[in-house]
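Here the structure is laid out as structure tokens; the discussion comes afterwards.
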Amino acid sequence: MSDASSADRPKAKSVRPLAALWPFLKPYRSVLAWAMVALLLASGSMLALPVALKQLIDRGMSAGSADTINIYFIAFLGVAVLFGAFAAMRFYLVTWLGERVVADIRSATYRNVVRMDPQFFEVTRTGEVLSRLTTDTTLVQSISGVGISIALRSTINLAGSIVMMGVTNLKLLGLIVVAMPTVIVPVIALGRKLRKLSRSSQDRIADTSGLAGETLNAIQTVQAYTLEDLNTQRYGDAVEASFDIAVVRTRVRAWLTALSTTLVVAAITLVLWFGAHQVLAGRMSGGELVQFLLFAVYAGVAAASLSEMWSEVQRAAGAMERLVELQQATPAIVAPSSPVPLPALTPGVAAGRVRFEDVRFNYPSRPDTPALDGFTLDITPGETVAFVGPSGAGKSTTFQLLLRFYDPQQGRVLLDGVDIASADPRAVRGRIGLVPQDTVLFGTTARENIRYGRPGASDAEVEAAARAAHAEEFIRALPEGYDTFLGEKGTRLSGGQRQRIAIARAILRNPPLLLLDEATSALDAESERVVQQALEDLMRSRTTIIIAHRLATVLAADRIVVMDQGRIVAIGRHDELVAGNPLYARLAALQFNDRAG
């Protein structure tokens, strides 16, 4: 699903992917039914117009009476008014239906994507997902509402016109039937080529979205390294590639339109030439020829519309195929059919016991390199344990497994005595509070960012969590206090302020197990002091696991676990490890000697 694999994805070989629209249309069957009624009445009114015109010419004109002519003109106008009213009703209903269906498709697709695990996003670019949620759903919208209406209207008009042409004059209809394959065969041939080009065009659009999203999410890095020109060139190349395919697609579509229109007009011209000779020979009246002419025009317009819609159907089929891929994607981590419940949390009873039992784990992207190798550790409720070691030792992997973003290939991870592989991942994560190194804030208010810790919390609970995190003072100083918009990713706050918002979020969640991923590593000394105080308050009376790169932050830990190459090489307190473990002693010497110097 990444751009690297775009060329390998199967192409839509037919319109079968559009069958996936039915579950989204099904809840609105009544609206669809009324739209079909309006469509039938509008088409019936339109098909009645040529008959009314024939009567006006053959009877009204020939009668030579002004009153008779007036009656036929009034009847003709009445039919036209009915046609307009039913056409407007049809347009409103099908447009509403298209908007409703595409909204449901977007929601369903996002609902599934947001539940995917990290393995999915290792191979799928966020920009491509966004492209499918916007560009592809827009294409589906065109076919699920107005497109369906146009296709059905054109089909009804084509069928009705052919029937009425047969009623009017079978010989002229015979000529059209003979000419019809000449129109249909080229349209189908070009339609197949257009379908392939449409899928390629949509893939290239997804590539441009991916590049743009990647660059804009790292805009400060781009500007710091003066990479604006390079990224502009890369984006321009992607846009040009998309444009080139779009031009080819448009050229094929133009040929399809020109060919189908020319062939239809040629067929009608042939029929009219024959009909004119029929009138001159007295075998049909002028009114019949006009009636047949209008039905032939209706049929020609309907056929041209269907050929035009066919290209839209091909594009929508390709788009729906891509959306179905997202809707049917399944995460590698799912809840078992009968999940084992975690023990109930009881006030006064310690919780948050963690046990790793001989865990072996390799990341899917690095199958030959063990991230954890025979990792065994028991952490008691209320204990504070710090993981230290060089980069790549496996510290962050323990968090990934505890949050059950991955499952180990061997061994077990237990939370309060329950193997988390047999529990519901949401229940497991509900017992864990995470304060990451890179705080993630959302583009909303300070209040709502804290409330993410427990969405049902009251305003008073949110503010109490902020006070406990030593965040209330700077929040109150914001222009609108707790209701101040913090900007995308919290850009209006400093690093220390963002960390205290994250801590307030964890306090509000009130989890029995707390994971701290070097929460103060990027802060200045003053901010670190305030954040460290907030963290100490948060850690009190709960199990805490700390990933530490700076040893000064874990001197007070109950135990320090030294890791290297996915294994535990030593466990103890700071003084014990300095004296007894060479790896820890070297890390301590590097850090504390540097500070002393």
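Every number in this text was worked out from the coordinates using simple rules, so none of it is lab data. The model shown is predicted, which means the values in this text are computed figures rather than measured ones. Glycine gets a Cβ as well: all are built from the backbone with ideal geometry, and neighbour counts include every protein chain shown.
Computed across segment 296-338, the Kirkwood radius stands at 13.5 Å (inverse of mean 1/r, all Cα pairs). Here's how it looks for LEU434: its modeled amide H is under 5 Å from those of LEU515, which are all 5 or more places away or on a different chain. Cα extents for segment 306-457 along the principal axes, largest to smallest and rounded to whole angstrom: 71, 45, 36. Applied to segment 419-425, the Karplus parametrisation 6.51 cos²θ - 1.76 cosθ + 1.60 on θ = phi - 60° returns per-residue 3J(HN,Hα) values of 5, 5, 5, 9, 9, 6, x Hz, with x for Gly and Pro.
Using the Cβ-Cβ distance between ASP104 and SER541 with R0 = 45 Å, the FRET efficiency computed as 1/(1 + (r/R0)^6) comes to roughly 0.50. Shown is the FRET efficiency for ALA344 and ARG573, computed with R0 = 22 Å from the Cβ-Cβ distance and rounded to the nearest 0.05: 0.05. Going from the residue with the fewest nearby Cβ atoms within 10 Å to the one with the most, VAL413, VAL252 rank VAL252, VAL413. With all pairs of different C-alpha atoms in the average, the Kirkwood value for the hydrodynamic radius of segment 407-549 is 15.7 Å. Averaging over all projection directions, find the projected area of the Cα convex hull of segment 76-121 and quote it in nm² with one decimal place. With the hull built on Cα positions only, its mean projection is 3.6 nm². Between ALA276 and LEU130, the modelled label-to-label distance comes to 6.0 nm, taking each label 7 Å out from Cα in the direction of the beta carbon. Highest mean packing first, where packing is the average number of other Cβ atoms within 10 Å per residue, the peptides 349-361, 16-28 line up as 349-361, 16-28.
Its residue count N fixes a reference of 2.2 N^0.38 Å for segment 306-392, and the Cα radius of gyration divided by that reference is 1.99.
Annotation: the residues ARG573, ARG125, sorted from fewest to most other C-beta atoms within 10 Å of their own C-beta, follow the order ARG573, ARG125. By the beta-carbon count within 10 Å of each Cβ, the least crowded to most crowded order of ASP207, ASP537, fewest first, is ASP537, ASP207. Helices in the chain, meaning DSSP H runs of at least 4 residues, each add -39500 (n - 2.57). Divided by all residues, the mean residue ellipticity at 222 nm is -20000 deg cm²/dmol. Rounded to the nearest 10 degrees, the angle from helix 495-509 to the longest Cα principal axis of the chain is 90 degrees. Between amide H atoms placed 1.01 Å from N, distances below 5 Å from THR376 occur with ASP358, VAL359, ILE568, all of them 5 or more places distant or on a separate chain.
For the chain, the longest principal axis of the alpha carbon atoms and the long axis of helix 459-468 meet at an angle near 40°. Take the Cα of GLN328, step 7 Å toward its Cβ, do the same at ASP558, and the gap between the two points is 5.0 nm. Our estimate of slack between GLU228 and ARG476, defined as 0.36 nm per intervening residue step minus the Cα-Cα distance, is 85.5 nm. Phi-derived couplings, Karplus 6.51 cos²θ - 1.76 cosθ + 1.60 at θ = phi - 60°, listed residue by residue for segment 469-477: 8, 6, 10, 5, 4, 6, 5, 4, 7 Hz, with x used for Gly and Pro. Computed from Cα positions, the angle between helix 525-539 and the longest principal axis of the chain comes to roughly 90 degrees. For the Cα trace of segment 428-467, dividing Rg by the Kirkwood Rh returns an Rg/Rh value of 0.96. If Lys and Arg each add +1 and Asp and Glu each add -1, what is the summed charge of the other residues whose beta carbon sits under 12 Å from the beta carbon of GLY382? Surrounding charge for GLY382 is +1. Amide H contacts under 5 Å for THR384: THR544, ASP558, ARG559, restricted to partners 5 or more places along the chain or on a different chain, H placed in the peptide plane at 1.01 Å from N.
With all pairs of different C-alpha atoms in the average, the Kirkwood value for the hydrodynamic radius of the chain is 29.9 Å. For segment 151-166, backbone phi angles converted through the Karplus equation (6.51, -1.76, 1.60; θ = phi - 60°) give residue-by-residue couplings of 4, 5, 4, 5, 5, 5, 5, 5, 5, x, 5, 5, 4, 5, 5, x Hz, Gly and Pro being listed as x. Relative contact order of the chain, taken over Cα pairs closer than 8 Å and 6 or more residues apart, is 15 percent.
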